[in-house]
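The values are calculated or read from the model by the stated rules, or taken from the named source; none is laboratory data. Note that the structure is a prediction, hence the values are computed from the model and not measured. When we count neighbours, we look across all protein chains shown, and the Cβ atoms used for this are built from the backbone with ideal geometry, even at glycine. The accessibility values were calculated without ligands, DNA or RNA, using every heavy atom of the protein model including side chains. Shrake-Rupley method; radii C 1.70, N 1.55, O 1.52, S 1.80 Å.
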Amino acid sequence: MPSEFRITRTVEFSETDMAGIMHFSNFFRWLEAGEAAFYRSLNRPLISFVPGSIVGWPRVKAACEYKAPLRFNDVIEVRLLIKEVRSKAVVYVFQFRKTEGGQVLPAILAQGEIAAVCVTSDAQGKMVAQPIPPEIRARLEVAPAAAYGE
């Protein structure tokens, strides 16, 4: 069972401000890209619209602490760590680190956190919190607290 997952991305010009620094809002897009890639790696849909097994993960909390800028053309590893698995929610921590020459540098440039609640749809189409489906829950493992700095 995985407790962490990693993707690598390059800061694109369109993601930066006029100083060539990645705009703060794009960190949240990268958090979600990491989460979606994580679910793909588990061969599970992040969102399912199949009648009878509708699943979604709306956010109830999202935060990011910025420690150093990410700049145009920087190659960044985004590391997803599972901080907590509740009956109806998952809390993820995301760490951003620069890579050079294929090596991940130790400094955390930013760290984000998302809490997402598992939902389904009721007969009127309203989102309703539901327990995490067993086939998903069985594939989630909490990372050691030392991995994300607590």
The range 45-72 residues that are on the phi < 0 side of the Ramachandran plot, paired with ones that are assigned to a loop (DSSP other than H, G, I, E, B) and surrounded by fewer than 14 Cβ atoms within 10 Å (Cβ to Cβ) (beta carbon under 6 Å, 6 or more apart): 56/47
Filter result for the condition that a residue is loosely packed, with under 14 Cβ neighbours inside 10 Å, among the hydrophobic types (A, V, I, L, M, F, W, C) and under 23 Å from residue 6 (Cβ atoms), over 89, 145: 145
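Does any residue of the range 111-124 turn out to be open to solvent by 60 Å² or more (accessible area, probe 1.4 Å) and under 22 Å from residue 55 (Cβ atoms)?
Of the range 111-124, the ones open to solvent by 60 Å² or more (accessible area, probe 1.4 Å) are 123-124.
Among the residues that remain, those that are also under 22 Å from residue 55 (Cβ atoms) are: 123-124.
Yes; the residues of the range 111-124 include at least one that is open to solvent by 60 Å² or more (accessible area, probe 1.4 Å) and under 22 Å from residue 55 (Cβ atoms).
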So residue 61, is it among the basic types (Lys, Arg), under 19 Å from residue 31 (Cα atoms) and surrounded by 16 or more Cβ atoms within 10 Å (Cβ to Cβ): no
Residue in the range 20-40 that is closer than 16 Å to residue 90 by Cα, assigned to a strand (DSSP E or B) and modelled with pLDDT of 95 or more present: no
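Any idea which residue in the range 75-85 is nearest to the chain's Cα centre (by Cα), counting only those that are more than 15 Å from residue 143 (Cβ to Cβ) and either open to solvent by 20 Å² or more (accessible area, probe 1.4 Å) or not charged (D, E, K, R) (or both)? Steps first, answer last, please.
Filtering the range 75-85 for residues more than 15 Å from residue 143 (Cβ to Cβ) gives 75-77.
Subset that is either open to solvent by 20 Å² or more (accessible area, probe 1.4 Å) or not charged (D, E, K, R) (or both): 75-76.
Numbers: 75: 18, 76: 14 Å.
Of everything passing the filter in the range 75-85, 76 is nearest to the chain's Cα centre (by Cα).
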